[in-house]
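Read through the structure below, which is laid out as structure tokens, and then see the notes.
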Amino acid sequence: VMYRLTRYRQHNLPIDSPGFYVYIKSENGAVWSPGFRPCEVKLDSWQAVHQPGVTSFHAEYDGVKAALTFLVSQTDDVLIWKLDLNSTDGRARKLDVYAYTEFSQLSWKNEDLYGYYDRLQLKTWYDENASCINYLFHSGNYPAGHEVPLAFFAGSEPVVSYSGNRNTFIGNYGSEAMPKGVCADRLLNDTISCGEPAAALHNQVVLNADGSTKELCFYLGAQQDPINNLEECENSRNAVLDKLRCAGETSRQLSKVQQWWEHHLSALQCEIPDAAGMRQINTFSVMNSVVTGRYSRSLNIDAPGVRGVGFRDTCQDMLAICYRDPAWAIDTLKFLMSLQYADGHALHMAYRHEWFEPATSVHCDDHLWLVYLVYAILAETGDLSLLEEPVPYYGEEKQTATVWQHLQKALDFTSGNLGRHGLPIILRSDWNDIIGKFNQRGEGESVFAGQQYVYALRQMIELAQATGRDASELQSRLATMEKAILENAWDGKWWRRAFDDNGDAVGSDKCKFGKIFLNTQSWALISATGTTEQNTQAMQSAEAQLATDIGLKLLNPSFAGWNSEEGKTPVGYGAGCGENGAIFCHSNTWAVIAQALLGNGEKAWKYFSQLIPHNIISKIGIDCYKAEPYAWVSNIVGPENTQFGWGNVSQISGTAPWMDVAATQYILGIRPQLDGLLISPCAPEQWTEFSIRRRYRGCDLQIKIKQSGNGGTVKTFTIDGKPAALDSNGKAKVPAELTHNATKLVIDIALG
Ligand code: GLC
């Protein structure tokens, strides 16, 4: 079960509060925070370091240095706050330290709806023996039988005073920046049995004149099932605290976190001549992909816990997980497949461990993403027996079908729902949430979903051939859909996007709004539909009409808006917002891939690197971009809007896994296939040398690339110093047999 323990008020002022706050009070009464917030005292020096699993703040103020580090334990449900303090000016110091956090009512959504009642159904209390503040929320507004956790906050040092009450800690007309509790000598040692729960702990520290470091830790944790068995719950909490308080335990916890991340990070690391790009590929993209992989669409700073597992979203998230942790991807695949109905379509939105009702609307694309995920897993592991494993259909727990049958049903669902042009009927929508607006009467068709179907069929044909199945029926379906696309979707200079209920083209030069959409241009290449001339032209049209200084718009021109007189207004999104013509980063990832497939290394890299948050922030400033500097955003407000440049929906976006795929598989060109690892980079010409380390089927591949010119041709290809054969397309591919028999292979490739 997932709960939100601490509060975050998303529309709050000041922006971005509350948080995990530490206050340091000097003997002269001056108060400051090593994290800068909430005191906002100008510090003598300050640095924030965001690393996989660990965030730390390094601050110095008035002769005291503080390092505040946050990490989530791998072994227990605890957020560890580690505070290191030392005197830097040769004076001994006596400091008062306060650690403070505000508890929530466990669910952001419920709290908004019922908070004013539910605050009468909670309590905080202090446990003298464990030196620990406890919090229990137990409201009748949660479905019966749900086991809420016991939350606790404790520290490593003796507690001087405490409070479990937000309102007395902050004080009437007080503020987080200067709580009345911190201004007083002592906190009130008060707890509540209704009201606004919080935990504040007060410690005193003596710093030696010699500058030696004093470490203090705080533990914000949760323990299962206090309602049914409080004693056991408290005993387990005590056991956790006893362990955490042992000497050296924080460093052990830190190294466990680092090891966990190392497992994910070490699947692929590259050295390329671009510092921001390298940091993004090696670290930040991985962190972001792991976050979306874990939490799907349920977690970001704006909307914690409000959405669930998006079917298509999680299928895509797993593309970046399947080579880091195939077992995790397989487990998630089986969960997703168990949400597929026997007719082939899939449950659009679900919750893995929650009680909310799933979303049942039928989309024309959800089920197709399953094919790509299965292909990606098998290309990674090579273990085709997965196709024969049984997985139940949604709502039919007993009746099971194999993974292969699930995929067949996915194809059947699409082929069973085609419209007058032979293209998939949009149903509720396709990948693009607003396309459904063109299908009010059930006759609108999606070109994009047609391309997706083609791509899925190509992969299914490969899978059929690899497992000795007859692929002829799949081939004839492929030919039929390709024909429908070629006959109906080419607009002259680009690919159309859809057809509305009347059979009129959407994304055509004839349209006043939404003349061109990005996705059908990139997916023409991804699905290998249309000629090279058509697709080169389509990507040129996309560049000419959709490019801005910071990325490509999803469509152009944006629809005028909900009150337009034009009639065909897709949604309430203003021009340049969200799906109505924003720079939709997720779609940009496919444009990166499309440029790489066309062999345009410069463009592919430009499309990738211009969206790296660090690069955007350097160009337009953080006040304009507003989003985190280390995570991808879903979309950036486009130039038709006065808020041009504002990055939205950070973290939980398909941008993360697909940027990972675009960079690692298409720019670096390390592309797993059923029979081995293709190495086919498409990088800028200035990259004359770069290298990649990749884990593949248990083998450590150390790949060095030398490149002259545009790198289009393989000049030499050696494995462990011996010349190796190129594949039938003249590309360097490491055959699967080799990786099975070796633990390490050194690969050198010269491109020219
Ligand atoms: C959001 C949704 C995703 C959808 C996309 C485009 O990112 O989470 O499911 O495909 O928007 O509409």
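The values are calculated or read from the model by the stated rules, or taken from the named source; none is laboratory data. Computed from a prediction, not measured in an experiment: that's the story for all the values here. Virtual Cβ from ideal backbone geometry, glycine too; neighbours counted across all protein chains shown. Ligands, DNA and RNA are excluded from the accessible area calculation, which covers all protein heavy atoms including side chains. Shrake-Rupley method; radii C 1.70, N 1.55, O 1.52, S 1.80 Å.
Give the accessible surface of the range 212-313 per residue, rounded to a whole number of Å², with probe radius 1.4 Å and ligands, DNA and RNA excluded.
Numbers: 4230 Å² over 102 residues.
Using a 1.4 Å probe on heavy atoms only, each residue of the range 212-313 averages 41 Å².
If you place +1 on the Cβ of every Lys and Arg, -1 on the Cβ of every Asp and Glu, and leave all else neutral, what size is the dipole of the chain about its Cα centre, to the nearest 20 Debye?
1120
Answer rounded, prolate or oblate for the range 378-434, using the Cα gyration tensor with square roots of eigenvalues a ≥ b ≥ c: rounded when a/c is under 1.5, else prolate when a/b is larger than b/c, else oblate.
prolate
Quick one: angle between helix 447-466 and the longest Cα principal axis of the chain, in degrees between 0 and 90, rounded to 10, please.
Between helix and principal axis, roughly 80 degrees.
Students often get this wrong, so check it: of Lys493/Lys553; Lys715/Lys744; Lys606/Lys731; Lys512/Lys553; Lys704/Lys733, which have C-alpha atoms separated by over 21 Å? Provide the component values of the computation, followed by the final result.
Values: Lys493/Lys553 17 Å; Lys715/Lys744 23 Å; Lys606/Lys731 24 Å; Lys512/Lys553 16 Å; Lys704/Lys733 14 Å.
Result: Lys715/Lys744; Lys606/Lys731 exceed 21 Å.
Determine the order of Lys483, Lys603 by accessible area, beginning with the largest, at a probe radius of 1.4 Å.
Order by accessible area, largest first: Lys483, Lys603.
Taking Lys256 as the anchor, which lysines have their alpha carbon closer than 23 Å to its alpha carbon, excluding any fewer than eight residues away along the same chain?
Lys82, Lys214, Lys243
Considering only protein heavy atoms and a probe of 1.4 Å, how much of the accessible area of the chain is carbon and sulfur, as a whole percent?
Values: 14620 of 29510 Å².
About 50 percent, which is the carbon plus sulfur part of the accessible surface.
Towards the positive end of the charge dipole of the chain, with charges on Cβ (+1 Lys, Arg; -1 Asp, Glu), say which of Leu85, Ala750, Pro639 has the farthest Cα.
Ala750
Let me test this: with uniform point scatterers at the alpha carbons of the range 474-610, what is the Debye-based log₁₀ I(q)/I(0) at q = 0.16, 0.18 1/Å?
The Debye formula, applied to the Cα set alone, gives -0.82, -1.00.
At 1.4 Å probe radius, can you tell me the per residue accessible area of the range 1-150 in Å²? Provide the component values of the computation, followed by the final result.
Working: 6660 Å² over 150 residues.
Dividing the accessible area of the range 1-150 by its residue count gives 44 Å².
Where does the charge balance sit around Asp225 when Lys and Arg score +1, Asp and Glu -1, over other residues with C-beta under 13 Å from its C-beta?
Working: positive: Arg237; negative: Asp77, Glu147, Glu231, Glu232, Glu234.
Surrounding charge for Asp225 is -4.
Could you sort Cys194, Cys699 by accessible area so the largest value comes first, with the probe set to 1.4 Å? Mind showing how you got there, number by number?
Values: Cys194 65, Cys699 0 Å².
Most to least solvent-accessible, the answer reads Cys194, Cys699.
Are there GluC sites (Glu not before Pro) in the range 400-480 that DSSP puts in a loop and that have at most 16 other Cβ atoms within 10 Å, and which ones? Please list the in-between numbers first.
Details: sites: Glu443, Glu445, Glu462, Glu473; in loops: Glu443.
Hits after loop and neighbour filter: Glu443.
Per residue, how much accessible surface does the range 631-725 expose to a 1.4 Å probe? Answer in Å², no decimals. Kindly include the intermediate steps, with their values, before the conclusion.
Values: 3410 Å² over 95 residues.
About 36 Å² of surface per residue is accessible.
Report, ordered by chain and residue number, the aspartates and glutamates lying within cross-link reach of Lys334, taken as a straight Cα distance under 16 Å and ignoring same-chain residues fewer than 8 apart.
Once the sequence-local aspartates and glutamates are set aside, what remains near Lys334 is Asp313, Asp317, Asp325, Asp366, Asp383, Glu388, Glu389, Glu396, Glu397.
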